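So the structure is just underneath, and the comments pick up after that.
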Amino acid sequence: MSITGGCQCGAVRYRVKTELENPHLCHCRMCQKAAGNYFMPLAGTNRANIVITSGEPNWFHSSDIVRRGFCAKCGTPLFFDPVDSDHLAVTLGSLDDPSTYRPVSEDSVESRVPFVAEWTGVRQKITDDDFSPDELKVIQDSNHQHPDRDTEVWPPEAKP
């Protein structure tokens, strides 16, 4: 079975050499913003199993420990990369056949927007299920995401 995917405009393409694991929907606020949606569907594998076959993704560090890969030409979100891990996740919507992977869990359900229904038959996980208190603190302290409000100066370090 060939698992392939890429961005909307075709500038970045990838191939996965093995089955993806843990297909899930992440409701955390960072994934909501990265997807421009109410949740982000993801599944992953060892990063050595994902090969970029054309183009190169651009990267945004949403925190010091996670970066997100996307196409610079069309903006399609493609990858979720915990930088100190051998694991790399792809966005399920960027697969050539996204119906291949049915989610097995919803993650960070404490951030689910209230009008999005719970998926029946899948695990419901809160953020504390996936991250230690120390990891949560690192994410919180190194969050590079613009806050959910207008600001006079951004990023903060750009203040005169």
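The values are calculated or read from the model by the stated rules, or taken from the named source; none is laboratory data. As the structure is a computational prediction, the values presented were derived from the model and not from experiment. Neighbour counts run over all protein chains shown; Cβ positions are idealised from the backbone, glycine included.
Determine whether the range 51-59 contains at least one residue that is surrounded by 20 or more Cβ atoms within 10 Å (Cβ to Cβ), more than 25 Å from TRP119 (Cα to Cα) and over 15 Å from the mean Cα position of the chain (by Cα).
For the range 51-59, residues surrounded by 20 or more Cβ atoms within 10 Å (Cβ to Cβ), more than 25 Å from TRP119 (Cα to Cα) and over 15 Å from the mean Cα position of the chain (by Cα): absent.
With SER62, SER94 as the choices, which residue is out of contact with any helix residue (DSSP H, G or I) (no Cβ under 9 Å at 6 or more places or on another chain), hydroxyl-bearing (Ser, Thr, Tyr) and crowded, with 17+ Cβ neighbours inside 10 Å?
SER94
Just a yes or no: is a residue in the range 11-29 acidic (Asp, Glu) and under 24 Å from ASP134 (Cβ atoms)?
no
For the range 42-64, which positions are farther than 15 Å from ASP86 by Cβ, at pLDDT 95 or above and either small (Gly, Ala, Ser) or touching a Pro at 6+ places or on another chain (Cβ under 7 Å) (or both)?
ALA43, SER54, GLY55
Could you tell me how many of the residues in the range 1-11 are under 12 Å from VAL51 (Cβ atoms) and in a loop (DSSP other than H, G, I, E, B)?
Within the range 1-11, residues that are under 12 Å from VAL51 (Cβ atoms) and in a loop (DSSP other than H, G, I, E, B) number 1.
Just to be sure before I move on: is VAL66 aliphatic (A, V, I, L, M) and either touching a Lys or Arg at 6+ places or on another chain (Cβ under 9 Å) or farther than 21 Å from GLN140 by Cα (or both) in the structure I sent?
No; evaluated as a whole, the condition is false for this residue.
Just give me the residues in the range 36-79 being under 24 Å from GLN124 (Cα atoms), touching a Cys at 6+ places or on another chain (Cβ under 9 Å) and outside any strand (DSSP E or B), in sequence order.
The answer is ASN37, PHE39.
Give the range 80-105 a look and list any residue that's part of a strand (DSSP E or B) and free of Cβ contacts under 8 Å to residues at least 40 places away in the same chain, or say none.
Matches in the range 80-105: ASP81, PRO82.
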